[in-house]
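As structure tokens, the structure follows; a few thoughts come after it.
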Amino acid sequence: MMAFCNQQPFYNPSIPFTGFIQGGLQVGKMITISGRVLPGSERFVVNLQCGSHQSPRPDIALHFNPRYEGSQQYVVCNTLQNQNWGSEERKHKMPLQRGSSFTLMILVNHNAYKVAVNGNHFLEFNHRLSISSVNTIAVEGGVEVASIIFQNPTPQFAAAQAFQPQLAAAQAFSAFGVPAPAYSVPPSYTVPYKSFINGGLYPSRMITIQGYVLPTATRFHVNFKYNSLIAFHLNPRLDENAVVRNSLLGEKWGPEERNLSAGMPFARGQAFMLAIACESHRYSVSVNGKHCFDFSHRVSQLQQINVLEIEGDVTLTAVQV
């Protein structure tokens with residue numbers, strides 16, 4: 001019987017990076033890589049391979065290779081088998097821009113890898129090597145990575161394997177048993193950002209926000225709203241080296257909370273993954289996989305909290321509600 005427990009993500013790995021894929025690949029498994037292309041990047045590589053970098057070189061089932069060669073920018077996909085490269089497949093549309101943050105999603109289908117960038121279907125690469133032999137992910141080149149997240153197929157995936165270009169990330173998430181957003185997935189996550197939290201909040205619900213703090217940032221904020229009330233205001237202030245938490249109830253701000261036992265988790269010019277878990281009595285907040293603080297509920301009607309807002313000195317690569 002297939003296990004559906006996801007492995008822990010890799011956060012802020014040093015590049016070059018090689019990591020083990022627990023349980024290997026199966027149809028329906030999705031790998032999400034969030035990061036930023038370095039401004040002077042000439043190329044970077046994401047490999048799904050059969051073993052770690054050793055001598056002789058391991059087989060590579062999927063070689064995903066954006067290249068920036070002057071005015072020529074394109075993505076090469078290929079395989080390496082028995083130390084021999086196969087025939088290249090090139091895509092001359094380039095959605096991964098130098099200096100920009102991105103979210104790269106790789107979904108394993110029966111016949112191909114389906115790749116989406118920033119919520120938009122980008123390409124397919126037919127399997128040339130058996131997915132059962134793939135057990136390692138490697139990243140190298142002119143890129144920085146904030147997180148690599150693994151989502152295993154749910155039992156329902158067999159009944160929902162579509163990953164059509166026009167639905168892209170929304171169908172991918174729904175196929176994994178994660179509620180699809182109530183709105184259509186935008187081609188980019190524009191700031192200020194606003195979305196509805198379909199069904200409101202409830203204990204065990206998790207909201208994740210991935211992005212990049214601008215190099216000149218002073219502050220940004222995340223709000224959970226209930227009508228005109230702000231049930232939870234999360235406000236990193238780079239100019240004060242603080243993360244302020246509060247609520248706006250009845251047009252009046254409550255007492256601020258500022259304690260940071262582990263230090264400031266956000267930094268100018270750095271990518272981040274913010275995870276906010278709604279629990280029965282509080283929000284539990286983690287940044288890049290490390291728990292930072294809790295915030296006790298000041299609004300008890302959790303299911304009425306149904307709007308997410310993000311504003312300030314950040315760019316966004318992915319938001320999952």
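Just a few scattered comments:
Conditions tested, residue by residue: (1) at pLDDT 90 or above; (2) surrounded by fewer than 16 Cβ atoms within 10 Å (Cβ to Cβ); (3) in the same structural domain as PHE17 (by TED's automatic domain parsing); (4) aliphatic (A, V, I, L, M).
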{"site": "ASN84", "(1), (2), (3), (4)": "yes, yes, yes, no"}
{"site": "SER87", "(1), (2), (3), (4)": "yes, yes, yes, no"}
{"site": "VAL108", "(1), (2), (3), (4)": "yes, no, yes, yes"}
{"site": "TYR113", "(1), (2), (3), (4)": "yes, no, yes, no"}
{"site": "LEU129", "(1), (2), (3), (4)": "yes, no, yes, yes"}
{"site": "GLY141", "(1), (2), (3), (4)": "yes, no, yes, no"}
{"site": "PHE157", "(1), (2), (3), (4)": "no, no, yes, no"}
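- Filter result (under 16 Å from GLN210 (Cα atoms) and not in a strand (DSSP E or B)) within segment 269-294: GLY269, GLN270, ASN288, GLY289
- Leading residue by the ranking (farthest from LEU229 (Cα to Cα)) among those in segment 243-283 that are modelled with pLDDT of 90 or more and of a type in the set (Phe, Trp, Tyr): PHE266
- When ASP294, ASP239 are checked against the criterion of being closer than 21 Å to SER204 by Cβ and either of a type in the set (Asp, Glu) or touching a helix residue (DSSP H, G or I) at 6+ places or on another chain (Cβ under 6 Å) (or both), ASP294 stands alone in meeting it.
- Any chance VAL115 is without any contact (Cβ under 8 Å) to a residue 24 or more places away in the chain and in a strand (DSSP E or B): no
- Answer from THR208, THR216, THR190 - the residue that is surrounded by fewer than 14 Cβ atoms within 10 Å (Cβ to Cβ), under 19 Å from the mean Cα position of the chain (by Cα) and either outside the structural domain of HIS297 (by TED's automatic domain parsing) or not small (Gly, Ala, Ser) (or both): THR190
- Going through (1) at pLDDT below 95; (2) more than 18 Å from ASN198 (Cα to Cα) one by one, HIS233 falls short only on (1).
- Some residue of segment 247-258 being outside the structural domain of VAL117 (by TED's automatic domain parsing) and touching a Gly at 6+ places or on another chain (Cβ under 6 Å): yes
- Test: LEU25 is crowded, with 16+ Cβ neighbours inside 10 Å, farther than 23 Å from ARG90 by Cβ and not β-branched (Val, Ile, Thr): yes
- Among the candidates VAL307, VAL299, the residue that is β-branched (Val, Ile, Thr) and within 23 Å of the chain's Cα centre (by Cα) is uniquely VAL307.
- Condition check for VAL46: within 16 Å of LYS114 (Cβ to Cβ) and not in a strand (DSSP E or B): no
- For segment 78-110, the set of residues classified as assigned to a strand (DSSP E or B) and acidic (Asp, Glu) consists of GLU89 only.
- Set SER147, SER100: member being under 27 Å from GLY211 (Cα atoms), in contact (Cβ under 8 Å) with a residue 60 or more places away in the chain and surrounded by fewer than 17 Cβ atoms within 10 Å (Cβ to Cβ): SER100
- The listed residue being loosely packed, with under 15 Cβ neighbours inside 10 Å and of a type in the set (A, V, I, L, M, F, W, C), out of ALA318, ALA271, ALA267, ALA275: ALA267
The values are calculated or read from the model by the stated rules, or taken from the named source; none is laboratory data. Note that the structure is predicted; figures quoted are calculated from it, not measured. FYI the Cβ positions are ideal-geometry reconstructions off the backbone, even for glycines, and counts take in every protein chain you see.
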